[in-house]
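What follows is a set of notes on a single structure, which appears directly below.
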Amino acid sequence: MNTHDKKNGYFFSALRHENIHALFRNLQAKGVSVQDELDTHTEVSGEEIELAKIAPHWDKVFDPMPVDSYIAFLLNFIETLRAAIAKLSAKPANQPTLRQLAESMGAWETRLNGIEFNPQSRGMRNKNPLNIKYVGQALAIGKDDQNHCICQTLEDGWTLAVKDLALKAGKIPGKVSATGLNGESTIKDLIFRWAEESQQSYLSYVCQKLNIGFSFKLKNFI
């Protein structure tokens, strides 16, 4: 399931949940004594349990609602819908993208004289900001004297980096990284396998930029 489908699934699940709350408020506004215990359930089956409590009063749901109660109910429903849309639109907490990971690593790889993405650094000169080694990648137009890929454009270099990180994060179906890294591996595993020196400093630098901990799993990048 892709990210868009996941977001849609979350949205409709949240909307269904809030609509059940709305049914309880509808009945309560009409004097029907039914207790809303939906939020006490941890399983999806809890929705069925709560709907079963509403079922005997189903006809009452469609009875006209007192004007004041109806207005309050409608305003509450609008706010609920707005909240659901806001959650759908919001970026998931602590879920940085692979591109952001690549850019954070690239900032470290291309540091020269204290300047990130320094044009004089090897990675920027090669348009390969993560200094990925050449193994015949389609986006590489050659290699340098230390076997680093040389790309035609910087964007090709970023695409190469994201694809490489996706492989190591176990996000390319049917392919396994020769490094042994996968979705269950942590950012620490990645950096310590990636870096040739100063692994701890490199790790701290990337984690600070992404606001994640050393145990953040690669599968959680989107």
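Can you give the Rg to Rh ratio of the chain, both from alpha-carbon atoms, with Rh computed by the Kirkwood formula? Before the final figure, lay out the partial values.
On the way: Rg = 26.0 Å, Rh = 21.4 Å.
In the chain, Rg relative to Rh is 1.22.
Can you list the equivalent-ellipsoid semi-axes of segment 159-222, largest first and in whole Å, using the square root of 5 times each Cα gyration tensor eigenvalue?
19, 13, 10
Please list the helices of the chain that count as membrane-span-like by this rule: a mean Kyte-Doolittle hydropathy of at least -1.0 together with Cα atoms stretching 20 Å or more along the helix axis, each helix being a complete DSSP H run.
Details: long enough: 3-29 (39 Å, -0.77); 67-89 (33 Å, 1.01); 154-168 (21 Å, 0.18).
Membrane-span-like by this rule: 3-29, 67-89, 154-168.
Between GLU47 and ALA178, what is 0.36 nm times their sequence separation minus the Cα-Cα distance? Round to one decimal in nm.
Values: separation 131, 0.36 × 131 = 47.16 nm, distance 4.54 nm.
Extra length available between GLU47 and ALA178 comes to 42.6 nm.
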Subject >> Distribution of pairwise C-alpha distances over segment 117-208, 5 Å bins, in % >> reply: 3, 14, 21, 23, 23, 14, 4, 0
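May I ask you to compute the full-extension gain from LYS217 to ASN76, defined as 0.36 nm times their residue separation minus their alpha-carbon distance, rounded to one decimal in nm? Show your work: numbers first, answer last.
Working: separation 141, 0.36 × 141 = 50.76 nm, distance 3.86 nm.
Taking LYS217 through ASN76 to full extension adds about 46.9 nm, to one decimal.
Each value in this text was obtained by applying a stated rule to the coordinates, not by laboratory testing. For clarity, every value in this text was computed on a predicted model and none was experimentally measured.
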